[in-house]
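Student: Before I ask anything, here is the structure I am working with.
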Amino acid sequence: MENVAKDSRERPLRPAEEPPEKPQPVPAAARRSGAGRWILFAILAAAAIGGIVFGVRTVTFYRHHVETDDAQVESHIAPVLPKVAGYVTEVAVHDNERVAAGQVLVRIDDRDLRSRVDTARAALENARAAVAVAQADAAARRTQSEKAAADLVRYARLRQKEEVSQQQYDAARAAAGAEAAQAEAGQKAIEAARAQVAQKKADLEYAELQLSYATVAAPAVGVVSRKNVEVGQYVQAGQPLLAIVSDGEPWVVANFKETQLKKMRVGQPVEIQVDAYPKVVFHGKVESFAAATGAKFALLPPDNATGNFTKVVQRVPVKIVLSEPPGAGHPLRPGMSVTAIVSVD
């Protein structure tokens, strides 16, 4: 027993069996970090796929289309210019007013022009009277010529019988010749008088035409724009007074780079996007190509022979017509900015 007690004192007591360790919870920050990596990876993968898809679509699109935003709407704009000078007595229209073809726009003081018409008409009447006088004179001269010719015949018979002298016969012959010349001159006077009538008639028509120019009318149906005339203003012939923007169908002029023209052909379909109507697509077709680049028509065209040469890609104007007229809710006004996309398939 003593040994057992001694062993028990020398040998430490074994503790009771400890319970198994519980798993430690994963910190919330670690969980968020792992989830964030997966989200970032998913975003990058989606972005990469999206970029690839976008790139493929872009490459495919531009293989079959050419596009430019250097384009604008064009239309017929008729300038209104007076053909005679004078003071303006009436301006019958206002800015942005719609007018019909032939509608009176401006009236110019026409009193001087009316006076010229009256003068030309009087001159014509005088010329016609001169024709009547010339005809009467020519008739008298023709009668005298016929009488002298008859006298010459009688003198010739008498001379054969030696009943008149040679001197008398020669005098009769000379008188007949003179009267014939006078008759011919009378006929020419008639022709000259008639020519004067024609001249005076032309003068009258010209004066009446100038008078008609005192009333300035609209050359076409459209809208009044850039009105630059007021009552009392003195205007010169050819001075711009206003402009009429025609109601005719507009078109688009797109300035494509010369490198974009390789596959473009007349008749190819075009999608037209107007900046004013971002949700509306107009449709048209290529109608024609300009005969020269826009730089050739510039006020100061470039001269590559000067030695300071820098190669610049030139642009060629292309006319595009609409396949259908624009709706009333989306009017196309000249100068509007346009993006033109041509299908070159």
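Bear in mind these aren't lab numbers, they're just calculated from the coordinates by the rules spelled out. Keep in mind that this is a model prediction, so the values were computed, not measured. Neighbour counts run over all protein chains shown; Cβ positions are idealised from the backbone, glycine included.
Student: So, in nm, how far is label Trp38 from label Val153 when the simple model puts each one 7 Å beyond its Cα toward the Cβ?
Tutor: 14.0 nm
Student: Placing +1 at every Lys and Arg Cβ and -1 at every Asp and Glu Cβ, with all other atoms neutral, what dipole size does region 111-212 have around its Cα centre, in debye to the nearest 20?
Tutor: The calculated dipole for region 111-212 is roughly 120 debye.
Student: In addition: Which of Pro240, Pro331, Pro301 ends up with the largest GNM mean-square fluctuation for the chain, with Cα atoms connected below 10 Å?
Tutor: Between Pro240, Pro331, Pro301, it is Pro301 that shows the largest mean-square fluctuation.
Student: Report, to one decimal in Å, the Kirkwood hydrodynamic radius for region 290-335 based on all distinct Cα pairs.
Tutor: 14.2 Å
Student: Normalising by the residue count of the chain, find the relative contact order in percent from Cα pairs under 8 Å and 6+ residues apart.
Tutor: Worked out over the chain, it gives 28 percent.
Student: Going 7 Å from the Cα of Thr143 toward and past its Cβ, which residues in region 184-219 have a backbone nitrogen under 19 Å from where you end up?
Tutor: In region 184-219, the label zone of Thr143 (backbone N under 19 Å from the point 7 Å along Cα→Cβ) covers 184-190.
Student: For the chain, list log₁₀ I(q)/I(0) at each q in 0.07, 0.11 Å⁻¹, using the Debye formula over Cα point scatterers of equal strength and ignoring solvent, two decimals each.
Tutor: After summing over all Cα pairs, the log10 values are -0.71, -1.00.
Student: If you don't mind, another one. Explain nothing, just the number: relative contact order of region 176-332, from Cα pairs under 8 Å at least 6 residues apart, as a whole percent.
Tutor: 21 percent
Student: Moving on. Are there DSSP H segments in the chain that both extend 30 Å or more along their axis (alpha-carbon positions) and score a mean Kyte-Doolittle hydropathy of at least -1.0? List them, or say none.
Tutor: Result, helices passing both filters: 28-64, 111-160, 166-212.
Student: For Ala45 and Asn126 in the same chain, what is the full-extension length gain: residue separation times 0.36 nm, less their Cα-Cα distance, in nm?
Tutor: 19.0 nm
Student: Now, a different point. Would you kindly state the longest site-free stretch of the chain, with sites defined as trypsin sites (Lys or Arg not before Pro) in a DSSP loop (not H, G, I, E, B) surrounded by at most 10 other Cβ atoms within 10 Å?
Tutor: Longest site-free region, per DSSP loop and neighbour criteria: 1-160.
Student: Would you kindly state how much longer the chain becomes between Ile77 and Val281 on full extension, computed as 0.36 nm times their sequence separation minus their alpha carbon distance, in nm to one decimal?
Tutor: Contour length minus the Cα-Cα distance gives 71.0 nm.
Student: Quick check on region 111-212: what are the equivalent-ellipsoid semi-axes from the Cα gyration tensor, as sqrt(5λ), descending, whole Å?
Tutor: The answer is 49, 8, 7 Å, longest axis first.
Student: Further question on the same structure: Would you mind ranking Leu261, Leu204, Leu299 so that the residue whose beta carbon has the fewest other beta carbons within 10 Å leads the list?
Tutor: Least to most surrounded, the residues fall as Leu299, Leu261, Leu204.
Student: Checking the cross-link filter: which lysines have an alpha carbon closer than 21 Å to that of Lys319, excluding same-chain neighbours under 8 positions apart?
Tutor: Correct list for Lys319: Lys257, Lys262, Lys263, Lys285, Lys296.
Student: What does the convex hull of the Cα atoms of region 66-152 come to per residue, in Å³, rounded to a whole number?
Tutor: Measuring per residue, one finds 269 Å³ for the Cα hull of region 66-152.
Student: At R0 = 35 Å, how high is the FRET efficiency between Tyr87 and Ala198 if r is their beta carbon distance? Nearest 0.05 is fine.
Tutor: Efficiency computed from Cβ-Cβ geometry: 0.55.
Student: In nm, give the distance between the simple-model label positions of Gln168 and Lys188, each being 7 Å from the Cα along the Cα-to-Cβ direction.
Tutor: Using points 7 Å along Cα→Cβ, the separation is 3.4 nm.
Student: Taking 0.36 nm per intervening residue step and subtracting the Cα-Cα distance, what contour gain separates Gln236 from Leu299 on full extension?
Tutor: Length difference between fully extended and current span is 20.1 nm.
Student: Where in region 134-177 are there GluC sites (Glu not before Pro) that are in a DSSP coil and have at most 12 other Cβ atoms within 10 angstrom of their Cβ?
Tutor: Loop-located and lightly packed - Glu162, Glu163.
Student: Which value in nm describes the separation of the simple spin-label points at Thr306 and Ala101, placed 7 Å from the Cα toward the beta carbon?
Tutor: Roughly 4.6 nm, to one decimal.
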